[in-house]
Amino acid sequence: MRITYGPWGETLGELAAAAKAAEDAGAEAVWVPELHRSATVSAAALAGATTRARVGTAVALAFTRSPMTLALEALDLDELSGGRFVLGLGSGVRRLNEDWHGVRWDRPVARLRETVAAIREFVARCGTGEPIDAPGLRIRGYRRPFPAARDRIPVYLAAVGPAM
């Protein structure tokens, strides 16, 4: 049986302790949401508290950060976790994007597809110094000087509705 767990804690320390306990009990993955905390900061706390379980965001909002910022956060979290990070993304809903985060809401299916493509392209090429051309990314003269834990980070998508 495969077990995954979404730990809860009042503090980041409690969240990390719950993730460690879940890993010790056999959980193969621990997941953090984005609502009351940043999913990426919470994932960093879990990465530091665990050694074997995959660490994932369930889910980070795909449109409230740029594709480059999402890719950089994923690369850093993958390094912190020793190659155990899974980037879970979702579109959220119109009200959440527009009213809470001040970002446009249009074409969520196409936009999510473009965001994932841009993240994958950045992760694959950011260490080469080569130009990066992807939806929402046109980067020249950039080379990330740190080695990546992996050249491909898994991206999981949360979806509601038939188009997603």
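Hey, can you tell me all the residues within segment 90-100 that are touching a strand residue (DSSP E or B) at 6+ places or on another chain (Cβ under 7 Å) and either under 16 Å from Thr69 (Cα atoms) or modelled with pLDDT of 95 or more (or both)?
Of the residues in segment 90-100, the ones touching a strand residue (DSSP E or B) at 6+ places or on another chain (Cβ under 7 Å) are 90, 92.
Matches in segment 90-100: Gly90 only.
Of all residues in segment 36-85, those that are in a loop (DSSP other than H, G, I, E, B), closer than 30 Å to Arg107 by Cα, over 11 Å from the mean Cα position of the chain (by Cα) and among the hydrophobic types (A, V, I, L, M, F, W, C) total 1.
Sort through Ala58, Ala110, Ala18, Ala53 and tell me the only one that's farther than 29 Å from Pro162 by Cα, out of contact with any Cys (no Cβ under 9 Å at 6 or more places or on another chain) and either surrounded by fewer than 23 Cβ atoms within 10 Å (Cβ to Cβ) or aromatic (Phe, Trp, Tyr) (or both). Please lay out each step first, then the result.
Details: Ala58 fails: farther than 29 Å from Pro162 by Cα; Ala110 fails: farther than 29 Å from Pro162 by Cα; Ala53 fails: either surrounded by fewer than 23 Cβ atoms within 10 Å (Cβ to Cβ) or aromatic (Phe, Trp, Tyr) (or both).
When all the criteria are applied, what remains is Ala18.
When you scan segment 62-74, do you find a residue that is buried (at least 19 other Cβ atoms within 10 Å of the Cβ), among the acidic types (Asp, Glu), under 19 Å from Ile119 (Cα atoms) and touching a helix residue (DSSP H, G or I) at 6+ places or on another chain (Cβ under 7 Å), even just one? Taking every residue of segment 62-74 in turn, at least one turns out to be buried (at least 19 other Cβ atoms within 10 Å of the Cβ), among the acidic types (Asp, Glu), under 19 Å from Ile119 (Cα atoms) and touching a helix residue (DSSP H, G or I) at 6+ places or on another chain (Cβ under 7 Å).
Please go through segment 114-135 and pick out each residue that is surrounded by 14 or more Cβ atoms within 10 Å (Cβ to Cβ) and assigned to a loop (DSSP other than H, G, I, E, B). Once the filter is applied, which keeps residues that are surrounded by 14 or more Cβ atoms within 10 Å (Cβ to Cβ) and assigned to a loop (DSSP other than H, G, I, E, B), segment 114-135 yields Cys126, Gly127, Pro135. I'd like the residue in segment 1-12 that is surrounded by fewer than 21 Cβ atoms within 10 Å (Cβ to Cβ) and touching a residue at least 12 places away in the same chain (Cβ under 8 Å) and, out of all such residues, is nearest to Thr57 (Cα to Cα). So, considering only residues that are surrounded by fewer than 21 Cβ atoms within 10 Å (Cβ to Cβ) and touching a residue at least 12 places away in the same chain (Cβ under 8 Å), the one nearest to Thr57 (Cα to Cα) is Gly6.
Scanning segment 21-50 for residues that are of a type in the set (A, V, I, L, M) and surrounded by fewer than 13 Cβ atoms within 10 Å (Cβ to Cβ) turns up Ala25, Leu35. Selection of segment 96-113 for residues being in contact (Cβ under 8 Å) with a residue 24 or more places away in the chain and in a helix (DSSP H, G or I) yields Leu96, Asn97, His101, Pro108, Val109, Arg111, Leu112.
Filter segment 152-163 for residues that are touching a residue at least 24 places away in the same chain (Cβ under 8 Å) and surrounded by fewer than 11 Cβ atoms within 10 Å (Cβ to Cβ); which is farthest from Glu79 (Cα to Cα)? Please lay out each step first, then the result.
Residues of segment 152-163 touching a residue at least 24 places away in the same chain (Cβ under 8 Å): 152-159, 163.
Adding the requirement that they be surrounded by fewer than 11 Cβ atoms within 10 Å (Cβ to Cβ) leaves 152, 163.
Working: Arg152: 12, Ala163: 33 Å.
Restricting to residues being touching a residue at least 24 places away in the same chain (Cβ under 8 Å) and surrounded by fewer than 11 Cβ atoms within 10 Å (Cβ to Cβ), the top hit is Ala163.
Checking each residue in segment 48-87 for being touching an Asp or Glu at 6+ places or on another chain (Cβ under 9 Å) and small (Gly, Ala, Ser) picks out Ala49, Ala53, Ala58, Ala60, Ala71. Within segment 25-35, the set of residues being within 16 Å of the chain's Cα centre (by Cα) and assigned to a loop (DSSP other than H, G, I, E, B) comprises Pro33, Glu34, Leu35.
The conditions of being β-branched (Val, Ile, Thr), in contact with a Lys or Arg (Cβ under 8 Å, 6 or more places away or on another chain), within 19 Å of Ala158 (Cα to Cα) and free of Cβ contacts under 8 Å to residues at least 40 places away in the same chain are not met by Val86.
The values are calculated or read from the model by the stated rules, or taken from the named source; none is laboratory data. Here the structure is a predicted model, which means the values were calculated and not measured. Please note: Cβ atoms are built from the backbone with ideal geometry, for glycine as well, and neighbour counts cover all protein chains shown.
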